[in-house]
Amino acid sequence: MAVIEVSQHVDARGLSCPMPIVKTAQAIKTVASGELIEVLATDAGSVKDFGAWSKTTGNELVEQSVDGGVYRFVLRRK
Amino acid sequence: MTTETPPIVDPIAEAIAIADKWTEPQPAPEAEPAAAKDLLIIDYSGDLEKVWATLILATTGAAMGVKTRVFVTFWDLQVFVKDSKRITGETWMQKAMSFMQRPGVSHRKLSKMNFMGMGPWMMGVLAKKYGVASPKELLEAAQAMGVEFMPCQMTMDMFGLKPEEMIEGMGEPVGAATVIGLMTENSVPLFI
């Protein structure tokens, strides 16, 4: 498995809608185009929300997984 | 003597001939994606739950790269008065209005189950427990992400509100024509 180099981490664990998305939108502006950010969230709604956010903004959802109630999203800046 | 072949009169053969010529209807060519739309929230109510909804949608709009504007009018104007301001207005009637409804984003009442402030207090406790950002936090995030808050000039006049009594970073006061203009241009309107 290829090693993923993440430039920025967002810890949105314990936060409800819309803060995981809001924090991600703010964080992705701090990385260069093509770079990756990793988001951790516990909001179950974020699974659908990150898909919608990625589709609308054009920032690619590279990876998503769940581990013990913590959702992990890796996104690439457009 | 030539023999002419009689024309085909077999109905089945005829049906096959028609069917052979039949072409499947082609799907319409993919429509051009519509131009990105702006979001325009008309925030009329100053009730806690509706202010909350407005600010959640506004921050999310901005986070999704959608140009988001909020038209701040009527009861909602008091939400954008500084929290520290207790009484606003010039005349006794305007002052009495602000006395009856305390200004500021942190002093909102619920439209139902307010119970002299018990309802909003319980809401606050629940929000904290479940990691829901408060209206004040959402307002700050919205401003940081470039949501434009446009106060209604007419209501400001009627309530005797001065621009310096409002929070920092408010947009220019506007009127209904600006709102209608935005709606007919490129904005999805929401009335809350």
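For the reader, a short list of remarks on this structure follows.
- Residue ID - farthest from the other protein chains (Cβ to nearest Cβ), chosen from residues in region A:12-36 that are exposed (fewer than 13 other Cβ atoms within 10 Å of the Cβ) and on the phi < 0 side of the Ramachandran plot: A:Ala32
The rows are residues; the columns are (1) exposed (fewer than 14 other Cβ atoms within 10 Å of the Cβ); (2) touching a strand residue (DSSP E or B) at 6+ places or on another chain (Cβ under 7 Å); (3) of a type outside the set (Ser, Thr, Tyr).
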{"site": "B:Leu110", "(1), (2), (3)": "no, no, yes"}
{"site": "B:Leu139", "(1), (2), (3)": "no, no, yes"}
{"site": "B:Met145", "(1), (2), (3)": "no, no, yes"}
{"site": "B:Glu168", "(1), (2), (3)": "yes, no, yes"}
{"site": "B:Val174", "(1), (2), (3)": "no, yes, yes"}
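- Only residues that are exposed (fewer than 15 other Cβ atoms within 10 Å of the Cβ) and part of a loop (DSSP other than H, G, I, E, B) were counted in region A:37-71, giving 5.
- Count of region B:58-75 residues, restricted to those that are in a helix (DSSP H, G or I) and touching a Leu at 6+ places or on another chain (Cβ under 7 Å), is 2.
- For region B:54-108, taking the residues that are more than 30 Å from A:Ala52 (Cα to Cα) and among the small types (Gly, Ala, Ser), the one that is farthest from the other protein chains (Cβ to nearest Cβ) is identified as B:Ala96.
- Counted residues, region B:138-192 - those being in a helix (DSSP H, G or I), more than 19 Å from B:Gln101 (Cβ to Cβ) and in contact with a helix residue (DSSP H, G or I) (Cβ under 9 Å, 6 or more places away or on another chain): 6
Bear in mind these aren't lab numbers, they're just calculated from the coordinates by the rules spelled out. These figures come from a predicted structure and were not determined experimentally. Neighbour counts run over all protein chains shown; Cβ positions are idealised from the backbone, glycine included.
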